[in-house]
1. When the residues of segment 69-81 are narrowed to those that are in a helix (DSSP H, G or I) and modelled with pLDDT of 70 or more, which ends up nearest to Leu91 (Cα to Cα)?
2. Being part of a helix (DSSP H, G or I) and either in contact with an Asp or Glu (Cβ under 9 Å, 6 or more places away or on another chain) or not assigned by TED's automatic domain parsing to the domain that holds Ser66 (or both) is true for just one of Gly163, Gly131, Gly127. Which residue is that?
3. Go through segment 151-173 and report how many residues are surrounded by 14 or more Cβ atoms within 10 Å (Cβ to Cβ) and in contact (Cβ under 8 Å) with a residue 40 or more places away in the chain.
4. For Leu136, work out the one condition from (1) modelled with pLDDT under 75; (2) not in a helix (DSSP H, G or I) it doesn't fulfil.
5. With respect to Phe129, is the statement that it is surrounded by 12 or more Cβ atoms within 10 Å (Cβ to Cβ) and among the aromatic types (Phe, Trp, Tyr) true?
6. Which one is modelled with the highest pLDDT, of the residues in segment 87-124 that are loosely packed, with under 12 Cβ neighbours inside 10 Å, part of a helix (DSSP H, G or I) and among the hydroxyl-bearing types (Ser, Thr, Tyr)?
7. In this structure, does Ile173 turn out to be at pLDDT 75 or above, outside any helix (DSSP H, G or I) and not hydroxyl-bearing (Ser, Thr, Tyr)?
8. Out of Gly148, Gly176, I need the residue that is closer than 27 Å to Gly77 by Cβ, surrounded by fewer than 11 Cβ atoms within 10 Å (Cβ to Cβ) and either not assigned by TED's automatic domain parsing to the domain that holds Glu60 or not hydroxyl-bearing (Ser, Thr, Tyr) (or both). Which one?
Amino acid sequence: MQTNNAGSFDFSVLPRRKVLWLLFREFFLISTFVVGGGYAIALAAEREFCQKLHWMKEEEMPDMLSISQTIPGLIAGNVAIYIGNRAAGPLGALVALTAIALPSFLVILLVSMVFTCLPMTAPHVQGAFTGVRAALAGLTAAALLKLGPKVLTRPFSWIIAIGCVLLILGLQINPGWVLGGAIISGILWLWFTEAVLKRPGATLIPPGGKEGKK
C-alpha cells in the first residue's frame, strides 16, 4: 500500500481525479460561504480536511498556520497551497489555490461594478459595514481562542506571544521585524536547551512540546 505524507490518510485508495475534485470542491465552498479572512478559512479548512476527510492531523494545523503567516501572500491562499500540495503535489496546490481564489475574484469583480452605485451614506449601508467589521473581530478572536492552546504550550511560547503584542502595539515595531526576531529567538532557545541538557538520545523539542528520541 502506498504511504503518504499527509497525516495517516492513504491517498492510494482514492483516484487522483477524485482527490483533485475534492480539493477544488471543498476550497471553492469554503471560499464562497466562509467570511472573515484567512483565519476563518483556516478554521474551516481544519474542520473539512482534518475532522471530516481526515486528510491531515489536527496537530499539523499550528505548523501550517505558522508557515502560511511567515511567507508572502494571503493566509487563505497559502493554506490552500499547503493542503493541496500535501494531498496531490504541485497540481493539487494549483487546483486548491484556483478554487480558493475563484469565488473572491468573481465577487470582487461584481462588487467593483456596482460599488459606486451604493448609497454609502445611507444608514442601512453604514450599519451593514459596522456589523461586518464587528463580526471580523469576533472571528479573529475565535481563531485565537481555538488555536492558542495548541500553540502556547510552554512558558517560552507565552513570552514570545506577549512580547510580540507589546512590541507591535506599544512600540509600533513593524510586524515583519517582530516575526523575524521571534523566529531567531525560537532557534536560539532550542539550541540553548539542547546545549544545556546534553542528554543522550535527546533531540530538538518539536512544536507539539514533546521530546523525541533519535
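1. So the first thing to find is which residues in segment 69-81 are in a helix (DSSP H, G or I), and the list is 69-70, 75-81.
This time we only want the ones that are modelled with pLDDT of 70 or more, so: 75-81.
Working: Ile75: 19, Ala76: 17, Gly77: 14, Asn78: 14, Val79: 15, Ala80: 12, Ile81: 10 Å.
Per the stated criteria, the residue is Ile81.
2. On the way: Gly131 fails: either in contact with an Asp or Glu (Cβ under 9 Å, 6 or more places away or on another chain) or not assigned by TED's automatic domain parsing to the domain that holds Ser66 (or both); Gly127 fails: either in contact with an Asp or Glu (Cβ under 9 Å, 6 or more places away or on another chain) or not assigned by TED's automatic domain parsing to the domain that holds Ser66 (or both).
Among Gly163, Gly131, Gly127, only Gly163 is part of a helix (DSSP H, G or I) and either in contact with an Asp or Glu (Cβ under 9 Å, 6 or more places away or on another chain) or not assigned by TED's automatic domain parsing to the domain that holds Ser66 (or both).
3. Count: 2.
4. (2)
5. For Phe129, the condition - surrounded by 12 or more Cβ atoms within 10 Å (Cβ to Cβ) and among the aromatic types (Phe, Trp, Tyr) - is not met.
6. Looking at residues that are loosely packed, with under 12 Cβ neighbours inside 10 Å, part of a helix (DSSP H, G or I) and among the hydroxyl-bearing types (Ser, Thr, Tyr), I get Ser112.
7. Values: at pLDDT 75 or above: yes; outside any helix (DSSP H, G or I): yes; not hydroxyl-bearing (Ser, Thr, Tyr): yes.
When the stated conditions are applied, Ile173 passes them.
8. On the way: Gly148 fails: surrounded by fewer than 11 Cβ atoms within 10 Å (Cβ to Cβ).
It is Gly176.
The values are calculated or read from the model by the stated rules, or taken from the named source; none is laboratory data. Model, not experiment: these values are computed from the prediction. Don't worry about glycine lacking a Cβ; one is built from the backbone with ideal geometry, like all the others, and counts go over all protein chains shown.
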